[in-house]
Amino acid sequence: MAQTYENTDEILAARRAYNDTLAQAHDARRATWFPLLIVALLMLVPALQFVGNYNYVIHLMLYTLMYVTMAAGWNILGGYTGYISLGHSVFFAVGGYFAGMIFARLGISTIIMAPVAGLVCAALGYLIGLITLRVRGPSFIISSLALVMIFRILFEKWQFIGGAAGLSLPINDLSVQWAKLPYYYAFLAMAVFGVWASYRVRHSKFGLGLRAISKDEVKAESAGIDTRRYKVLAFAMSAFLFGAAGAVWGEYLTYVRPNIFIHILYFSVWPALMCILGGKGTIAGPVVGAVLIVAFNEFFVATLGSSTIHILVTGMIMALTLMFFPLGLVGTLAKHRRLPRILNWD
Amino acid sequence: MLEVKNLCKYFGGIHAVEDCSFKVEKGSITALIGPNGAGKTTAFNCISRTMVPTKGEVWLDGERIDRLRPHKITAKGLSRTFQISRNLADMTVLENVICQSRINGWRDLFKPAMSPQEIDKAMGILDFLNITRIAYEDGSNLSYGQKKLMDLAALLMSDPKIILLDEPAGGVNPTLLEEIVGHIRKLNEQGMTVLIVEHNMELIMRLSQRVVVMAAGTVIAEGSPEEVQKDPAVLDAYLGGAMEDAA
Ligand SMILES: Nc1ncnc2c1ncn2[C@@H]1O[C@H](COP(=O)(O)OP(=O)(O)OP(=O)(O)O)[C@@H](O)[C@H]1O
Ligand SMILES: [Mg+2]
């Protein structure tokens, strides 16, 4: 009998030790310095232009930063709230067109108008969300796809904003060497804002409510959470980031065109995939996902040519990664407590 | 305090709740009993508006609440647990509990998810229920009984005036059952009004002052536990089984 007692003591001790590790994991300090360091380095990247022509590098970084902005925005709705949208390219396009029109007519730079374009998209997202967020799961995904089709037709038929041909925008008068810089810094600022915003949301009552909604909406409601308001607000926030990104992208490309801006693969699916690959609901996930997908894509375009093969290969790598990291890279590693400190931004 | 008037809930042809009326007095422990499928859970769902009632009224402290959305009802001080625990996976027990704390308006939304005061309060509740040791456990990793206790903890976080418990001790072991009974009694002594659904008659007899008996969606008897137990209509509803065994 004494034997048994000893055993129970052991079991209880093991249990206590386990509880302590749980509490510790909870207290683990995040590595805030790492993202700050990256931002500092990114601010210095354009200095490369003093020693040669690194326009391509700057373009790639700018492109990645734009995706970081969008993936972080998508994360607020898709990651925290659990509503998978494949229609966010609509907000990217609305932001692009709104700021593009103002730029073409009044000459106000899209970089200045980006926050306003974001707000316009947030308002639009709020209204759309009031309707589409009533259903969840597959029905919501379909409704988001329907949104893309509706807006695509709207943009193509509306002659005031250039119809299917779109609008061309003035080219800035900086020398080729420095022409990309304003956009580079604009996207850097947006990416930082996006990641910061998703961090703030994650650690607020709002974020806790969103996570509750993603797990069990009925329970969240009965817990006293105004689910409708929370969801719509999350939708508006993510639309804001897409709109702001779209605004500056238009001026950078020097044109806005429906088939480019409402491109479902590039501006709806990719941000979603980046977030899922990196880890939905984590802070670092969308960043990691954006970097990886842009890098893979660029690598395969370079090696396999710009056919559709690179999309196929990128897709296959994604599928494989998700087989081994079902919660995304950051999410899965964090769950198994294998996440390198530097990627713990939660 | 809580008054249900002519509540009806139809699922197509199924009249799950039909013209159901009863009252819960302030400060009491009222039991809602009835055979399986009597419509008790559905009545709870309609009161907390997890489901929209087909007809009827629900009044809380002289205020009609059956048109309010669920979170508003919770804000008015009515909280409920679910018969089958619904807890939030990938969130710690602490987060599960704090999730249920009150939020007043827009400004609260961007406050820290868990303030030190809230953590203290939540830990206090977990301590009251003797489950502080699972505070950092994932909400979905709990045992059945622990889930029931966590539900109760989360419920208390919202500072309710009246709590609706749907089989809080269903399927738990006798020791835990005693514990839960103790907790409910203690809460009631502190002034909490309780409406409880329970199949364990012996427990009902000990705990509650008033019993409302439902069968086939309506209230068939109401009164003290002793009165109800002798009521022929009640015995009939239970097919003479459970009630006699328990008595
Ligand atoms: N969502 C639903 N759709 C259709 N019918 C339902 C639904 N929910 C409940 N019912 C029906 O309503 C009736 C009452 O169910 P309810 O769950 O309220 O019973 P209960 O009294 O809680 O029973 P138990 O003691 O077994 O928990 C049952 O006949 C059930 O089949
Ligand atoms: Mg029931």
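Annotation note: Cβ proximity below 9 Å between a residue of the range B:27-54 that is over 21 Å from B:ASN200 (Cα atoms) and among the β-branched types (Val, Ile, Thr) and a residue that is near ligand 2 (Cβ under 9 Å from one of its atoms) and in a helix (DSSP H, G or I) (sequence gap 6+ or interchain) occurs for B:THR50/B:PHE44.
Of note, A:GLY96 satisfies the criterion of being within 21 Å of A:PRO258 (Cβ to Cβ), crowded, with 24+ Cβ neighbours inside 10 Å, modelled with pLDDT of 95 or more and touching a Gly at 6+ places or on another chain (Cβ under 7 Å).
Scanning the range B:45-55 for residues that are buried (at least 22 other Cβ atoms within 10 Å of the Cβ) and near ligand 1 (Cβ under 8 Å from one of its atoms) yields a count of 1. Of all residues in the range B:97-120, none are within 16 Å of ligand 2 (Cβ to nearest atom) and either touching a helix residue (DSSP H, G or I) at 6+ places or on another chain (Cβ under 8 Å) or charged (D, E, K, R) (or both).
Check B:GLY39, B:GLY27, B:GLY56 and return the single one that is in contact with a strand residue (DSSP E or B) (Cβ under 8 Å, 6 or more places away or on another chain), more than 22 Å from B:GLN100 (Cβ to Cβ) and within 16 Å of ligand 2 (Cβ to nearest atom). None of the other options fit; the residue is B:GLY39.
Scanning the range B:1-29 for residues that are part of a loop (DSSP other than H, G, I, E, B) and of a type in the set (Gly, Ala, Ser), we see that the one that is surrounded by the most Cβ atoms within 10 Å (Cβ to Cβ) is B:SER28.
The values are calculated or read from the model by the stated rules, or taken from the named source; none is laboratory data. Treat the numbers as computed from the prediction; the structure is a model and nothing was measured. Neighbour counts run over all protein chains shown; Cβ positions are idealised from the backbone, glycine included.
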